[in-house]
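Here is the structure we will look at.
The values are calculated or read from the model by the stated rules, or taken from the named source; none is laboratory data. Keep in mind that this is a model prediction, so the values were computed, not measured. Please note: Cβ atoms are built from the backbone with ideal geometry, for glycine as well, and neighbour counts cover all protein chains shown. These accessible areas exclude ligands, DNA and RNA; they are computed on the full protein's heavy atoms, side chains included. Shrake-Rupley method; radii C 1.70, N 1.55, O 1.52, S 1.80 Å.
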Amino acid sequence: MSPTPREQLRDLIAELAVVHGTVTLASGKQAEYYVDLRRITLHHRAAPLVGHVLLDLLEEVGLGAGEIDAVGGLTLGADPVAAALLHAAASRGQDLDAFVVRKEGKAHGMQRRIEGPDVAGRRVVAVEDTSTTGGSVLTAVEALREAGADVVGVAVIVDRGTGARERIEAEGLSYHYLYGLADLGLA
């Protein structure tokens, strides 16, 4: 029996993205390993799996392409995740836009903080590759709310189990993830 797409993605993450050694995370916390999901979200075999497996999860929790309009988050971690979801939905004949939230608004051009199709009045899910404290994705949520989006949830590939869920749920948002540290043999 061949592994499911979810099992294939988990195995690729464990093989390609888990880097052992002391690192300082974006949150400022220290860890004895780093889960470098860009090695997955930008990988030729793993990226399509990210889109399909995460889209399956969103559909299971009632946030599929029929219930939401767009996905995206804070650049850079969220960008390939949103693109993978957009392509997965398109391959299924579904409409799902993607967007990019800049860390700061541009001082030139259209001076937009959120790039892509307009999010005002649209139901969106904020995505991220991994979350430690939820800070990055909550920065995106704040920008999306300011732009008039209806943020209905947050989805990540890997949850580190270090407080992100609690912070995000405290903001009134549902929080969904594909893998916890135990799934990757790290807990």
So what does the Cα-only Debye profile of the chain read at q = 0.13, 0.19 Å⁻¹, as log10 I(q)/I(0), no solvent term? -0.63, -1.33
D (Stokes-Einstein, µm²/s), Kirkwood Cα radius, segment 95-187, 1.306 mPa s at 10 °C: 114
Listed residues HIS44, HIS87 arranged by accessible area, highest first, probe 1.4 Å: HIS44, HIS87
With point charges of +1 on the Cβ of Lys and Arg and -1 on the Cβ of Asp and Glu, referenced to the Cα centre of segment 87-166, which listed residue (VAL100, THR133, ALA149) lies farthest in the positive direction of the dipole? VAL100
Return one whole number: the accessible area per residue of segment 69-187 in Å², for a 1.4 Å probe. 43
Going by a ≥ b ≥ c, the root eigenvalues of the Cα gyration tensor, does segment 1-83 fall in the rounded group (a/c under 1.5), the prolate group (a/b larger than b/c) or the oblate group? oblate
